[in-house]
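Undergrad: Below are the structure tokens for one structure; questions will follow.
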């Protein structure tokens, strides 16, 4: 008799907390090897947390987690076990990259696990053939249906032949046919690879009934374990839904173990919702094709269909969110008009995707939407409290939606949809991912609204038991309604006992499949071999991230535009906009003397290239009005008796009024005026007394090197290049990491053998290339457009730019490791790069003139050194030798910044 296999994973006294919330509470569990294990339980009980800990994606706070014979606290074991584990996180295609095609996603994951091109091609062909995805290998992941995304996610998880497959609700939101195909594939793969262990969390109890072993969880604890038959026998229940509810503590069971919705009798025959030939086209694609139906007031009408069949589009046309291409939508006999607020107030809509304000708390979201629907202010507190009580939101009223589990977020969305007491509820898959108890409670509320309050409910769902609770349902595929009737009549029409079997028959007929068609085969198993520990460094893994970034950048028009033309546009704006030269400045004179001498003094100013004379002023009020309006920047006041006092050698005071709103320009104007005043005095004395009057005087002759005409553009344009090579590349690298965090694909970094160095350098290389391209474009623009002469070493300047861009892209990574949101990352990078660059880099004031901490920042900041190089290369004929010191200073900053980024970048979620 053979000894039982060791558990694939063991958990001992495991506790996990998110702030004040306990997700796992002293869990102890052995997960058997070589079996299909299911986690069942309400949302927010710790199923996803447990799976992420098993996958090594999250830090273990308290307790022990042993997976594949090793401690998951040990980074060395996680590195060695990583290639033997595959983790598919919760959410449709959350581990995928939406802009990449099916084949490109598979190639990326294969590269992360060290497969060469030929091996990737072989494995991809096997997996795509097994899932029926071969015809879609060139389609972007973003354009796949929900079921196809999950199939692709599974293919990416299986690309390296794992021994432990971890699936977190892989079929949530997927239609029944796609669910059946998904689990058929898993079963075939498990038969061909009996050593593979599978653990999955699921919201569908009919799926759990087919698993080998189940773990029922609630409130962070394990309620029971065993086979489905053992759980049914233990509770005496007829199905797993009832068995799970029976396992719950009495306080958590709700009113009843089973939900029965009474039939609709004696209801109103008034038509609440009517669709007449609704059609919606997006270009050449027809999303909804000639759909017609009628729903009576108080009726619960279910909408079922395959993923991407047009259910959501139909609902949006019924709510006025989308205008139909053809046909009409009516509510209570009135054609839907997005501008008709009176009709829209009678409708509550809950979208499939979470669409509330993540910056507002639960309470604030409810209050906001109550006010948006113009509820009386006095009624709002009571109504909000009623929604909080009805949907069990009391414990999370001051929490932000993003911190809530999926099921609780869905309850919040429903509460918001009902806040204004609508007569029609249009609900787009409202219970997707919600646990059985919450679903029962939710449908109990719908039944009360329908039967007691006469609310009409139009709901789409993938749960067959929910469809059976509806008064009537429609089955939809590829934009067309296949059948509309009661659930019992539809099942009977295909000769099946269950609605799900009939639904699959209808879908297969519509798709053109038949039961006799051969099922896709599982991928050919690879020859068994011991999994070699991954190398500490892999150029293939590094370059896979470089290729990923390049492809994503090419297919993201906003980021691509910012990367390629953002710097050029800003250079034009700054180069022409920041001009310190003072020429053709408007001035006016208040001449109280009105003599030829006073006029000569005024013309001395007007005759220069710096000033342009405006009509003469007559009184002080005129002076004030002209300067306040910005029509003049300088006013010259000549006092009465000016000419006579000059002739007699008396002291004379000429008034010069400057517009001090722009202090720097005012100081420049002051210098010009004083110079012209001195020049006029000397000329006047020479004319009056002859050359002897100035005998023995000294004259200081001023000469300017490097910029003889003292043109500000010669100084500004070279200094703009370092600023833009700092801001734009840093923003791009910051967004590259923040985007992964926001979309959830950062999980691939957590659970694959990729090191921090490979991750950051791989992502950095494309942005260094883009930075250098921007450098050359700005260099050409400075020379050709702005006419700034270049006199230094081009090779030295290019090498310095390469070192500088490496430092600035690394700086973006350092910012990104602390921030998860793309918007926040963008603002943080702009502030943290722009302020030091403008204030402390010598752009405005020399670093030597700064004091204290400002001088320290200026000395170590890479921009300071590249500003020196840029100005020297353009104006001072710097050769390579003069650039060595700044390059070394910038080169020293690169490992410091990258090292800090790697230190703070975590390989596990906290």
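Any read-out appearing in this document is the output of simple, stated calculations on the displayed coordinates, not a laboratory observation. This is a predicted model, so every value here is computed, not measured. Virtual Cβ from ideal backbone geometry, glycine too; neighbours counted across all protein chains shown.
Undergrad: With a Förster radius of 22 Å, plug the Cβ-Cβ distance of residue 134 and residue 210 into 1/(1 + (r/R0)^6) and report the FRET value to the nearest 0.05.
TA: 0.25
Undergrad: Ranking request for peptides 396-402, 873-879, 726-732: highest mean number of other beta-carbon atoms within 10 Å first, then the rest in descending order.
TA: 726-732, 873-879, 396-402
Undergrad: Stretched out fully, how many nm does the piece from residue 117 to residue 790 gain, at 0.36 nm a residue minus the Cα gap?
TA: 237.7 nm
Undergrad: Report the FRET efficiency, 1/(1 + (r/R0)^6), for residue 677 and residue 592, where r is their Cβ-Cβ distance and R0 is 25 Å, rounded to 0.05.
TA: Here the calculated transfer efficiency is 0.90.
Undergrad: Among rounded, prolate and oblate, which fits the range 702-824 when a ≥ b ≥ c are the square roots of the eigenvalues of its C-alpha gyration tensor, a/c under 1.5 means rounded, and a/b larger than b/c means prolate?
TA: Note, shape of the range 702-824 comes out prolate.
Undergrad: Need one number: % antiparallel among DSSP beta bridges in the chain, to the nearest 5.
TA: The answer is about 50 percent antiparallel.
Undergrad: Taking the mean number of other Cβ atoms within 10 Å as a proxy for protection, how do you rank 751-764, 634-647 from highest to lowest?
TA: 751-764, 634-647
Undergrad: For the chain, what does -39500 (n - 2.57) per DSSP helix run (n ≥ 4), summed and divided by total residues, give at 222 nm, in deg cm²/dmol to the nearest 500?
TA: -15000 deg cm²/dmol
Undergrad: Still on this model: Could you work out the percent of alpha carbon pairs in the range 813-856 separated by over 12 Å, rounded to a whole number?
TA: Counting pairs separated by more than 12 Å, the tail of P(r) holds 62 percent.
Undergrad: Go through (i) 59.2; (ii) 39.8; (iii) 51.2 and flag the label whose value is the computed mean projected area of the Cα convex hull in nm² for this structure.
TA: Structure-derived value, by its label: (iii).
Undergrad: Could you give the length gained on full extension between residue 619 and residue 94, defined as 0.36 nm per residue of separation minus the Cα-Cα distance, in nm?
TA: Gain in length upon complete extension: 181.7 nm.
Undergrad: Using only alpha-carbon positions, what ratio does the radius of gyration of the range 585-694 give when scaled by 2.2 N^0.38 Å?
TA: Taking the Cα Rg and dividing by 2.2 N^0.38 Å, one obtains 1.09.
Undergrad: Once you have the Cα-Cα distance between residue 558 and residue 403, take 0.36 nm times their residue separation minus that, and quote the gain in nm to one decimal.
TA: The residue 558-residue 403 span can extend by a further 52.9 nm.
Undergrad: Once a ≥ b ≥ c are taken as the square roots of the eigenvalues of the Cα gyration tensor of the range 385-431, is the result rounded (a/c under 1.5), prolate (a/b larger than b/c) or oblate (a/b not larger than b/c)?
TA: Oblate, because a/c is 1.5 or more while a/b does not exceed b/c.
Undergrad: What's the FRET efficiency of residue 59 with residue 777 using the Cβ-Cβ distance as r and R₀ = 60 Å, to the nearest 0.05?
TA: That gives a FRET efficiency of 0.85.
Undergrad: Sort 470-483, 851-864 for me by packing, meaning the mean count of neighbouring Cβ atoms within 10 Å per residue, highest on top.
TA: Result, highest mean first: 470-483, 851-864.
Undergrad: Cα gyration tensor of the range 93-229, axes a ≥ b ≥ c as square roots of the eigenvalues: rounded (a/c below 1.5), prolate (a/b > b/c) or oblate?
TA: prolate
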